[in-house]
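> Dropping a structure here in structure tokens format, bear with me for questions.
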Amino acid sequence: MPGAESLHEACGVFGIYAPGEDVARITFFGLYALQHRGQESAGIATGDGAALHLYRDMGLVNQVFTEETLEHLQGHLAVGHTRYSTMGSSRVENAQPIVVQSDLGELAVAHNGNLVNPFDVLAELRARGRPLRGATTDSELIALLAASAAGDSWPERIRAVVPLLQGAFSLVMATPTQLIGLRDPLGVRPLVLGRLGSGWVIASETCALDTVGAEAVRDLEPGEMVVIDASGVHTEQVAPVERRALCIFEFIYFARPDSVIDHRQVYLARERMGRALAREHPVEADVVIAVPDASVPAAIGYARESGIPFHEGLIKNRYIGRTFIQPDQRLRERGVQLKFNPLRHVLDGKRVVVVDDSIVRGTTTPRVIAMLRRAGAREVHMRISAPPMRHPCYLGVDTARREELIAAQIPEVAAISRQIGADSLGYLSLEGLHWAVDLPSDRLCGACFTGDYPLDVAAETDKLVLELTAAGR
Ligand code: SF4
């Protein structure tokens with residue numbers, strides 16, 4: 001979960017092939033561990049050898065499922081999804097997994113990422129005369145494309161679909177007899193293969209494997225498809241890799257700190273971001289605090305490198321999540337107080353360094369700073385464990401439009417500092433970020449900082465673009 005500003009997660013996916021196990025229950029706990037990646041809706045589809053069984057609804061994973069609903073999800077394989085809508089609105093029809101029918105039978109699809117060419121896919125489906133069922137998400141388009149592709153088996157059809165897709169897609173898919181994992185050729189979103197007894201698991205992050213007692217085997221390679229069925233595990237490269245572009249924001253705040261991506265522990269990467277930030281932007285201060293939760297390791301890193309003690313200065317309501325109850329006007333004006341509460345005894349009379357992972361629109365950060373001052377902070381020095389975000393993301397993160405990004409509108413850091421009401425502001429450099437993540441820059445995407453997208457992106461698209469198009473179909 002990000003810090004003060006609202007930069008939303010994409011989705012979490014989980015798949016399991018494990019005859020003899022309660023695959024629905026294991027998937028539930030896998031999704032529970034991936035809840036931070038999306039809190040709008042959740043779903044599980046199981047395959048029992050003959051048919052798929054699906055249950056999905058709006059809400060958090062533990063609001064959606066009960067003992068009774070899990071009871072109906074029988075089978076020896078399953079795929080699950082927890083969603084934040086990066087394309088298509090937040091409603092139950094768009095909850096995943098999506099199940100489509102074809103002459104080969106049913107296919108359930110759970111998708112993390114965003115396509116950048118949904119209109120090409122739409123045009124292809126129209127050319128095939130495929131009924132669109134009012135599809136309003138790119139995930140549904142992928143499912144329909146696979147269902148209508150040429151081929152005598154699902155792997156054959158999926159292989160045929162990959163060249164038509166551009167963008168980010170980490171997918172887990174289920175037929176009544178097969179579990180299929182696929183990662184886009186850029187490898188934008190993570191996807192990891194694990195072992196659970198004699199069964200197999202595929203998940204967005206290793207924290208989900210740890211939670212269900214599975215052992216991480218390896219990341220799926222960009223462009224790799226893994227097919228798991230009664231005959232074993234079959235893996236193949238279905239698309240050439242021209243460049244890699246793992247989303248660097250996974251390391252900054254997306255992923256859980258206890259996850260390991262591309263052999264890098266996310267927690268350690270965040271701590272190193274804080275160390276680099278302290279070297280790049282030192283300041284005389286009495287205490288270092290974090291905007292919880294994602295920024296805590298970076299704040300600890302800043303404190304260790306600078307020698308300034310780290311304390312908890314803001315306590316977060318961990319259950320604020322996504323409540324569907326809207327605050328009234330008076331509560332809304334109190335704003336972030338619903339989310340954070342300052343610890344006066346830590347802040348009173350102190351020069352405070354506040355570490356956060358991003359400033360997106362610049363609407364929430366000033367309120368946090370004002371809150372710290374009300375709690376007695378004498379100086380507030382904002383330190384951000386990422387470079388200024390000047391470009392929107394088209395690859396599965398709801399970053400806001402370019403005209404809404406404060407760093408796109410105000411190029412001078414000192415002017416942003418004044419705007420948010422800080423005594424000083426320092427962003428981590430791109431070099432510092434790459435040092436912290438410790439992966440070569442040509443393996444990573446950092447386009448929201450640089451504008452250097454790993455593929456052609458069309459003019460800014462709205463996440464409801466397919467719905468708007470559907471209305472005119
Ligand atoms: S543009 Fe930014 S948020 Fe989007 S994939 Fe690239 S690094 Fe991640």
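The values are calculated or read from the model by the stated rules, or taken from the named source; none is laboratory data. Predicted model, so just to flag it, every value in this text is computed and none were measured. For accessibility, only protein heavy atoms count, side chains too; no ligands or nucleic acids. Shrake-Rupley method; radii C 1.70, N 1.55, O 1.52, S 1.80 Å.
> Divide the volume of the convex hull of the Cα atoms of segment 45-166 by its number of residues and quote the answer in cubic angstrom per residue.
Convex hull of Cα atoms, per residue: 105 Å³.
> For segment 257-311, compute the orientation-averaged projected area of the C-alpha convex hull (one quarter of its surface), in nm².
For the Cα atoms of segment 257-311, the hull's average projected area reads 3.7 nm².
> Compute the distance from the alpha-carbon center of segment 141-172 to that of segment 190-234, in whole Å.
20 Å
> First obtain the Kirkwood hydrodynamic radius of segment 132-271 from its Cα pairs, then insert it into the Stokes-Einstein equation at 37 °C and 0.692 mPa s, and state the resulting D in µm² per second as a whole number.
It comes out at roughly 207 µm²/s.
> Could I ask something else about it? Determine ³J(HN,Hα), in whole Hz, for all residues of segment 111-118 in sequence, where each value follows from phi through the Karplus function 6.51 cos²θ - 1.76 cosθ + 1.60 and θ = phi - 60°; x replaces Gly and Pro.
Karplus-based 3J(HN,Hα) across segment 111-118 equals 10, 10, x, 9, 7, 9, 10, x Hz.
> Here's a follow-up. Could you tell me what percent of the accessible area of segment 167-320 is made up of carbon and sulfur, with a 1.4 Å probe and every protein chain present?
51 percent
> Moving on. What is the Cα radius of gyration of segment 202-250 over 2.2 N^0.38 Å, N being its residue count?
Relative to the 2.2 N^0.38 Å estimate, segment 202-250 comes out at 1.35.
> Short version: what are the Cα gyration tensor semi-axes of the chain, square root of 5 times each eigenvalue, largest first, in whole Å?
They are 39, 22, 21 Å, listed from largest to smallest.
> A further question follows. When a/c reaches 1.5 or more, the comparison of a/b and b/c decides; with that in mind, is segment 138-179 rounded, prolate or oblate per its Cα gyration tensor?
oblate
> Output ³J(HN,Hα) for segment 73-84: one whole-Hz value per residue in order, computed from phi by the Karplus curve 6.51 cos²θ - 1.76 cosθ + 1.60 with θ = phi - 60°, and x for Gly and Pro.
8, 8, x, 10, 8, 7, 10, x, 8, 10, 10, 10
> Show me, for segment 259-275, the HN-Hα J-couplings you get by feeding each phi into the Karplus relation (A = 6.51, B = -1.76, C = 1.60, θ = phi - 60°), rounded to Hz, glycine and proline as x.
Karplus-based 3J(HN,Hα) across segment 259-275 equals 8, 10, 10, 6, 6, 10, 6, 4, 4, 5, 4, 5, 5, 5, 4, x, 4 Hz.
> Given 5 Å bins starting at zero, what is the percent of C-alpha pairs of segment 27-117 in each, up to the one with the largest pair distance?
For segment 27-117, the binned pair fractions read 3, 15, 26, 25, 17, 10, 4, 0 percent.
> Would segment 99-198 count as rounded, prolate or oblate if I go by the C-alpha gyration tensor, calling it rounded below 1.5 in a/c and otherwise prolate when a/b exceeds b/c, oblate otherwise?
Taking the square roots of the gyration eigenvalues as a ≥ b ≥ c, segment 99-198 is oblate.
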